[in-house]
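Everything below concerns the one structure shown next.
Every read-out reported here was derived from the displayed coordinates using simple, explicitly stated rules and does not represent laboratory data. A quick note: this is a predicted structure, and the numbers were derived from the prediction, not measured. Here Cβ is always computed from backbone atoms with ideal geometry, including for glycine, and neighbour counts include all displayed protein chains.
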Amino acid sequence: MRRILPLVLLSLATACGSSRRALRTADGYLEEGRWSAAIRSYERVLEKKPGEPRALVGVARAWIASGKPEKALVPARVAAEIKAPGSREVLGRALLANGRGADALVPLTTEYEADPGNAQLLLLVAEAHLARGDASSAVSSAESALEHGLGAPASAIAAWAHVRAGNCDRAQSLAGRAITAALTDASIQAEAAAVFRQCGDPDQAAAAASTARTLLVDGPGPWHEATARRSTGGDTEGALRRMSWLRTTFPSDGLFAKDLGGLWLSLDRPQEAAGELAAALKLPPFADGSEVQGIHFADRRADAMGPEKRTAMAIELWKTLANARRTLGDLPGVAQAMEQIAVEGRSTDPNDWIAAAQAWIEAGRPEAGVGAARKAVELRPDHPATQLTAAMVYARIGDSGRAIGHGRIAWNLDPKNLDTALMIGDLYLTRGENREARYVLEIALGHHPGDPRLRAALERAQGY
């Protein structure tokens, strides 16, 4: 027994020394930015010592830095449960990166209260407040980070927080400071560009966006992935922030405009949504097919798009734009979108053209609905609804002759339709053709003997 005990102690000491060396190696890889090597090294430590606090925190950090934050959640949670040093910060980072920024606020604020000297935490707290839709608290945290001297990163996020709080003067001032202090940081340049764009300064936005494009070694992919993770996780504000970087940095890509419009719509901001969606339809890949040929898109989704998919996406985009405009009360805009839905799809369904013509009538622009009404009649001349729609359009623009012609066809196809009979009777009365009006109204009264509107119209036709 006396001989075995020293061997056991030596073995334990060797194992502990080996683990410490492995941790130092892993920490070195993490510091050097060699994420894969760091992950492998930390995982080897955890295989030998499950639950090793430093390895749990380290591997979570490495997964976040490598662009796979979903794999950081489990080790970060375990580290937080055992109260490992730095675990609440890394858990907050993992939650933010996975679109669960609202859940990140508690661990991040708790960590900052325990370590008030760590001003970097204030930037994460600001982002968590934004994720919760609390722009004023985000402003406070970001401004506090500025007071701690964090420079360009704090200026950038503070600028965006001020935009979301509606303070463009302060936002633009901070964005100007950020781009001057971070000439080699693509994300900060893009965030400042998005701030300038949102605040109506296109020249400053274009200059910062140009710098961001020059600095983007890996292209827009990492930003787009980060946007998608936040959107999927429910952090619409976090997705909006990053999609604004993409939209401003790549202003000619319609897919980024479309996605930004959708995010604005989900935040109940139809004005901004309508602007982005309308812009998207004028940009590749939604613009005219001849403009798309030979274009290299920033958003790689467009490169794989065939004509059929492009058309289908354009139609869905017009539908979304119609909803945004309807919310705004922009009835002519709704009518335009309804007609474009039919045009884009080269629709052979008369109901699509009827909907467009009726939308123009509702918008008080019946003259703009003549084309859609004619197309509906062309597709189904034997359909009472197409003829009635054409009659309504011509009646609204004062062409009673064509209105009566289409109305009589609609009435012959569906003689029991009360609205058709009333419209034709009224048109005849307006023209002073009382005998023709009586003929139509008397037949209609036979189908609807108790209708007071028919009786009143017939009395007018009879000269009472």
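Worth pointing out:
- Rounded to whole numbers, the Karplus 3J(HN,Hα) couplings from phi for region 337-352 are 5, 4, 5, 5, 4, 5, 5, 4, x, 6, 5, 10, 9, x, 4, 5 Hz, using 6.51 cos²θ - 1.76 cosθ + 1.60 with θ = phi - 60°, and x at Gly and Pro.
- Residues K309 and N351, FRET efficiency given R0 of 22 Å [Cβ-Cβ distance, rounded to 0.05]: 0.35
- Calculated on alpha-carbon atoms, Rg and Dmax of region 339-413 in Å: 11.2, 33
- Ordering of 260-266, 108-114 by packing [mean C-beta count within 10 Å, highest first]: 260-266, 108-114
- Global geometry of region 38-173, whether rounded, prolate or oblate, following the gyration tensor of its Cα atoms and the 1.5 cut on a/c: prolate
- Over region 170-223, all Cα pairs binned in 5 Å intervals from 0 give whole-percent P(r) values of 4, 25, 34, 22, 11, 4, 0, listed from short to long.
- Sparsely packed loop sites in region 12-112 (the trypsin sites (Lys or Arg not before Pro) outside DSSP H, G, I, E and B with at most 11 other Cβ atoms within 10 Å) comprise K83.
- Sum of -39500 (n - 2.57) over DSSP H runs of 4+, divided by residues of the chain (222 nm, nearest 500): -24000 deg cm²/dmol
- Simple label model, 7 Å out from Cα along Cβ direction - H447 to K282, nm: 4.7
- Alpha carbon convex hull of region 144-187, projected area averaged over orientations, nm²: 2.9
- For the chain, the fraction of alpha-carbon pairs lying more than 31 Å apart is 59 percent, rounded to a whole number.
- About the centre of its Cα atoms, the chain shows a dipole size close to 1520 debye [charges on the beta carbon of Lys, Arg (+1) and Asp, Glu (-1) only; nearest 20 debye].
- Normalised by 2.2 N^0.38 Å, where N is the number of residues, the alpha-carbon radius of gyration of region 53-114 equals 0.96.
- Cα-derived Rg over Rh, computed across region 113-264 with Rh taken as Kirkwood radius: 0.95
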